[in-house]
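The block underneath contains the structure these notes are about, expressed in structure tokens.
The values are calculated or read from the model by the stated rules, or taken from the named source; none is laboratory data. None of these values were measured; they are calculated from a predicted model. Cβ: placed from backbone, ideal geometry, glycine included. Neighbour counts: every protein chain shown. Heads up: the accessible areas ignore ligands, DNA and RNA and are worked out on the full protein's heavy atoms, side chains in. Shrake-Rupley method; radii C 1.70, N 1.55, O 1.52, S 1.80 Å.
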Amino acid sequence: MLSTIQTLFIAAVLAGTPLLLGALGEILTEKSGNMNLGVEGMMFMGAISGLVGAYYYEQGVLTKGGTPSGAAAALIALVISFLAGALGAVIYSFLTITLRANQNVTGLTLTIFGTGFGNFFGEYFGLKAGGYVAVGERTKAAFSNLRIPVLSDIPVLGKLLFQYNWMVYLALALAILLAWFFNKTRMGLNLRAVGESPATADAAGINITRYKYLATIIGGGICGVGGMYMSMVTTSGVWVHNCVNGYGWLAVALVIFASWRAGRAILVSIIFGGLTVMRMYVRIPGLPAQIYDMIPYVATIIVLVITSMRQSKEFAQPKSCGTNYFREER
């Protein structure tokens, strides 16, 4: 029993990491007053871009007779996936901030666009590669679990805390960094002011447009990295059609469950990560696999209902979220 719980916890952390990255990107975005429902689309864009970037780096090195570096391929995948997610966020930002288009409609459109973008180019580059896109063993090894000297050998805690891949630790560090940024830095407090009352922040001399653009674009880039995790870690460096598979929507729900707090998002992502993989570790005789697949979404509905009933003024959605700011309407 204890072994099963330990194994489930490790799997929950691994499955929850892309949820954490998607949620962090959306938290940063919503803190600026923009509600970008295109998380799923940006994750798809990051998933295919990061994988293809690493793949073509390998092919370029092999063509020249060299040996690809797994670390270099991982870095390329990270940077390109961030840029791809950021590109989706740039489109969203231009339409909603500059042209003041409806945020909900624009976000949903971005999801449709990003999903099509990922699946189309996944099939396109797969055909060019001879059937499917897959990175080499060195790149796969760069995304495998680490072994940290001394720490990984600690009984029980070593396996629970110090034997994950580097992206897990990157996501945790990013969550801690954002929590510090929102609460302890002047820029973070300014960003929160923009999200709560852009008119007041504008009157105080804060550049509303700059803060909204930067927060939304960087948030989109983080979502793109979360998508890259799906293609490089979850599917082991092989492009699988529709690999993001609703994780972006779960990430949007987790933002609400985490009360727009980056630190709390860590715990929430582990819980929902566990729910997504529970069927592989906790089997109930006679229960169809489809019911297991439904559990994360049923839990999401329950969480949303409870959260809406227990609204906290301190930990609530930024007041201007979803509403475009127009200075002349102050």
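Of note:
- Which numbered condition SER3 misses (of (1) open to solvent by 10 Å² or more (accessible area, probe 1.4 Å); (2) small (Gly, Ala, Ser); (3) in contact (Cβ under 8 Å) with a residue 24 or more places away in the chain): (3)
- Qualifying residue in the range 244-265 (condition: small (Gly, Ala, Ser), within 23 Å of VAL135 (Cβ to Cβ) and either in contact (Cβ under 8 Å) with a residue 40 or more places away in the chain or surrounded by fewer than 16 Cβ atoms within 10 Å (Cβ to Cβ) (or both)): yes
- Whenever a residue of the range 281-292 is free of Cβ contacts under 8 Å to residues at least 60 places away in the same chain and closer than 23 Å to VAL13 by Cβ, its partners that are of a type outside the set (D, E, K, R) and open to solvent by 80 Å² or more (accessible area, probe 1.4 Å), lying with C-beta atoms within less than 9 angstrom and at least six residues away or across chains, give the pairs TYR292/MET280; TYR292/ILE284.
- Only residues that are assigned to a loop (DSSP other than H, G, I, E, B) and hydrophobic (A, V, I, L, M, F, W, C) were counted in the range 235-280, giving 6.
- Filter result for ALA199 (over 19 Å from the mean Cα position of the chain (by Cα), modelled with pLDDT under 95 and open to solvent by 70 Å² or more (accessible area, probe 1.4 Å)): no
- Of the criteria (1) free of Cβ contacts under 8 Å to residues at least 40 places away in the same chain; (2) buried (at least 24 other Cβ atoms within 10 Å of the Cβ), which one ASN36 fails: (1)
- Qualifying residue in the range 139-159 (condition: farther than 21 Å from LEU21 by Cα, touching a Phe, Trp or Tyr at 6+ places or on another chain (Cβ under 9 Å), at pLDDT 95 or above and surrounded by fewer than 18 Cβ atoms within 10 Å (Cβ to Cβ)): no
- The lone exception for LYS319 - which of (1) within 21 Å of ASN36 (Cβ to Cβ); (2) surrounded by 15 or more Cβ atoms within 10 Å (Cβ to Cβ); (3) among the basic types (Lys, Arg) it fails: (2)
- All of GLY88, GLY66 fail the test of being over 19 Å from LYS140 (Cβ atoms), small (Gly, Ala, Ser) and open to solvent by less than 40 Å² (accessible area, probe 1.4 Å), apart from GLY88.
- Checked against the criterion of being closer than 20 Å to GLY53 by Cβ, under 18 Å from the mean Cα position of the chain (by Cα) and either polar (S, T, N, Q) or surrounded by fewer than 18 Cβ atoms within 10 Å (Cβ to Cβ) (or both), the candidates THR115, THR111 yield just one match: THR115.
- Qualifying residues in the range 1-23 (those that are farther than 18 Å from VAL233 by Cα and out of contact with any helix residue (DSSP H, G or I) (no Cβ under 7 Å at 6 or more places or on another chain)) - the one modelled with the highest pLDDT: ILE5
- Residue satisfying all of: in the range 281-294; part of a helix (DSSP H, G or I) and more than 23 Å from ALA23 (Cα to Cα); modelled with the highest pLDDT among these: ILE291
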